[in-house]
Amino acid sequence: MRRRRPRVGGVIQISLPDGRYAYGRVLRDPSMAFYRATTTEPGRPPIGSRDYQFVTGVDSTVDRSDDCPVVGYDPSRDPDDDWPPPRCIRDVVSGKGVQLYYKGAVSPATEAECEGLEPVAVWSYQHVVDRLMGNKNTIWIGTNLIDLPR
């Protein structure tokens with residue numbers, strides 16, 4: 001049986017290699033907001049916090065994995081809480097041209113509007129863990145997430 005994606009507002013737990021636990025709140029589009037706070041005890045997500053370390057798209061290795069159990073529910077304060085912030089799409093073929101992606105819609109943008117925004121991407125479990133651990137060996141090249149030799 002295929003495991004279903006947790007509902008919006010569901011909170012998943014990720015076991016980090018250093019023994020801590022990190023938590024992500026399921027958003028629409030399929031994205032996840034990863035709380036800045038971590039714990040040393042499992043099952044203690046920071047429900048109610050909106051202090052996120054980062055927000056990004058995730059694949060099924062994160063939100064449907066047995067390694068990421070749902071440990072809580074963090075309801076919205078308002079409907080915009082359920083959407084990831086605007087993200088940027090870059091034309092990697094020409095190296096020019098950017099667009100904004102927000103709430104499932106794409107619109108033209110300027111470089112200034114995209115400055116500091118996350119790129120539109122879908123991260124896998126290992127890359128989410130690397131980023132939660134602060135690993136500087138995982139970087140973006142164009143729209144591809146790669147691991148540098150360690």
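Read-outs: derived from the displayed coordinates by stated rules, not from any lab. The structure displayed is predicted, hence computed values, not measured ones. FYI the Cβ positions are ideal-geometry reconstructions off the backbone, even for glycines, and counts take in every protein chain you see.
Key figures for this structure:
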| read-out | value |
| --- | --- |
| Length released on extending from R50 to V106, taking residue separation times 0.36 nm less the Cα-Cα span | 17.6 nm |
| Normalised contact order of the chain, rounded percent, pairs of Cα under 8 Å and 6 or more residues apart | 21 |
| Over 20 Å [Cα-Cα, segment 59-127], rounded percent | 48 |
| Dipole of the chain [Lys/Arg +1, Asp/Glu -1 at C-beta], most positive-end residue of W123, I14, L100 | I14 |
| Karplus-derived 3J(HN,Hα), 6.51/-1.76/1.60, for each residue of segment 64-75, Hz, glycine and proline x | 10, 7, 5, 6, 10, x, 6, 10, x, 9, 10, x |
| Rh by Kirkwood over Cα pairs, then Stokes-Einstein D for segment 1-81 at 1.567 mPa s and 4 °C, µm²/s | 103 |
